[in-house]
1. Which residue, of Asp337, Asp347, Asp285, Asp357, is closer than 22 Å to Ser154 by Cα and charged (D, E, K, R)?
2. How many residues, within the stretch 337-354, are of a type outside the set (D, E, K, R), out of contact with any Gly (no Cβ under 7 Å at 6 or more places or on another chain) and surrounded by fewer than 20 Cβ atoms within 10 Å (Cβ to Cβ)?
3. I'd like the full set of residues that are under 26 Å from Gly308 (Cβ atoms), modelled with pLDDT of 85 or more and in a loop (DSSP other than H, G, I, E, B), limited to the stretch 95-138.
4. Mind listing whichever residues of the stretch 224-258 are under 22 Å from Asn181 (Cα atoms) and among the β-branched types (Val, Ile, Thr)?
5. Select from the stretch 328-349 the residues that are of a type in the set (Ser, Thr, Tyr), closer than 24 Å to Asp259 by Cβ and in contact (Cβ under 8 Å) with a residue 60 or more places away in the chain and list them in ascending order.
6. Tell me, which strands (runs of 3 or more DSSP E) lie completely within the stretch 162-215 with 1 or more residues that are at pLDDT below 95 and out of contact with any strand residue (DSSP E or B) (no Cβ under 6 Å at 6 or more places or on another chain)?
7. Which of the numbered conditions does His331 fail, given that it passes all the others? Conditions: (1) part of a strand (DSSP E or B); (2) out of contact with any Lys or Arg (no Cβ under 9 Å at 6 or more places or on another chain); (3) under 27 Å from Asn130 (Cα atoms); (4) not acidic (Asp, Glu).
8. Do we find a residue being closer than 19 Å to Gly210 by Cα and part of a loop (DSSP other than H, G, I, E, B) anywhere in the stretch 366-373?
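The values are calculated or read from the model by the stated rules, or taken from the named source; none is laboratory data. On a predicted model such as this, the values are computed, not experimentally measured, just so you know. Quick reminder, even Gly has a Cβ in these numbers, built from the backbone with ideal geometry, and neighbours come from all protein chains shown.
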Amino acid sequence: MTPDQTPNERISAWLLEEAPERLPDWVFQATFERIRTDHRRRAFPGWRLTSMTRLSPATIAVGAAAILVVAIGAVLLRGSGPSVGVVPSVTPIATPSATSPAEPTSDASPTLVPISLEGQIAFEWTVDGNTDIYVMNLDRTGLVRLTNDPAPDSNPGWSPDGERIIFTRVVAGAGDLFVMNADGSSQTPLTSTPENEHDGRFSPDGGSIGYWNGDDQASELRVIDADGSNDRPIVAFTEMFAGGVSWTADGQGILFNRDLGEGIDIVRVEIASGEVTPIAVGPGDDSSFDLSPDGATVAFQSDRSPGGIFLMSVDGTNIRHLTGNWTKGYHVSWSPDEEYLAYPQPDSWIYLVRTADGEVTRWAEGGLNLAWRPAP
């Protein structure tokens, strides 16, 4: 390596020339475990993954090299990277057109516009290689890191009163559900099994939590009381992907995603009977959805033309396009007053879109799997 090489060139040269002799076996084993953990943790709507057992050695090697590049690059470039508690590029806010650019969006400097919305959003964000839960006010102030565990923390969801947050923490290679107070205190495990638990969401009355147990090969929708008792199965699937939880307003049903092999659909299951009814059926993927607070409208991401975010009635009728033209699954979350949706895009920014007219605001850089805090 020479001083005039770029950081990427230095990383690549080190990986090819020096890393095989200098890195111990445990590093490569840890890299493999990280790949497997990420694979299991990312089993949520919008991510269609194959089983880890199907990956070839070459694929695993490429993934390992990629993770090593990111890790080493973070060390070499730490001086220019974001520190914990600081959102990069949070000041520039833009209002692209309702048909915002395809992935990735332009690197041009955004147009500054004021943000006067009140409220708060919780989201997962990876800083210095560690994924944790953060909250931030909608006026771009008050960024707070709520979790600080070496294990990845992801997919936050609020209780109806806005006082608690449920999230997934990867423990011993599998996800467990945790509950904490809105200020990050009293982080308490709700489940502890060898399987992967994810997509935990409170019922409208706050007394129950719906969640998924398993992965893209065998998934079981379960409901547990908010205190961790009375854990019971609702519906199970094998050899297919299922995930996502959105309670109906009356608390009698749950909407979720299911993939029968021809695309991701949105379906409803009755809590009492386990009866499943399709709501939105492809072709293609209708994923990463959220039910409005009044229970009447579903917002979802879809690759149906032209792509982006769509709205529909809870019975699957009146489907209409709202914004965007991307085709990958990115989570959406309703504001308590139903005037806005918050969602991340492939350019790594979080956006707000007004549901009445599709006006888009570029809000803050960084963050995935976000959830809008209910009104007090």
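1. The conditions single out Asp347.
2. The number of residues fulfilling the criteria is 1.
3. Gly119, Leu138
4. Ile224, Val245 - these are the residues of the stretch 224-258 that are under 22 Å from Asn181 (Cα atoms) and among the β-branched types (Val, Ile, Thr).
5. Matches in the stretch 328-349: Tyr330, Ser333.
6. Where strands (runs of 3 or more DSSP E) fall fully within the stretch 162-215 and carry at least 1 residues being at pLDDT below 95 and out of contact with any strand residue (DSSP E or B) (no Cβ under 6 Å at 6 or more places or on another chain), they are 164-171, 174-181.
7. Only one criterion is unmet by His331, namely (1).
8. yes
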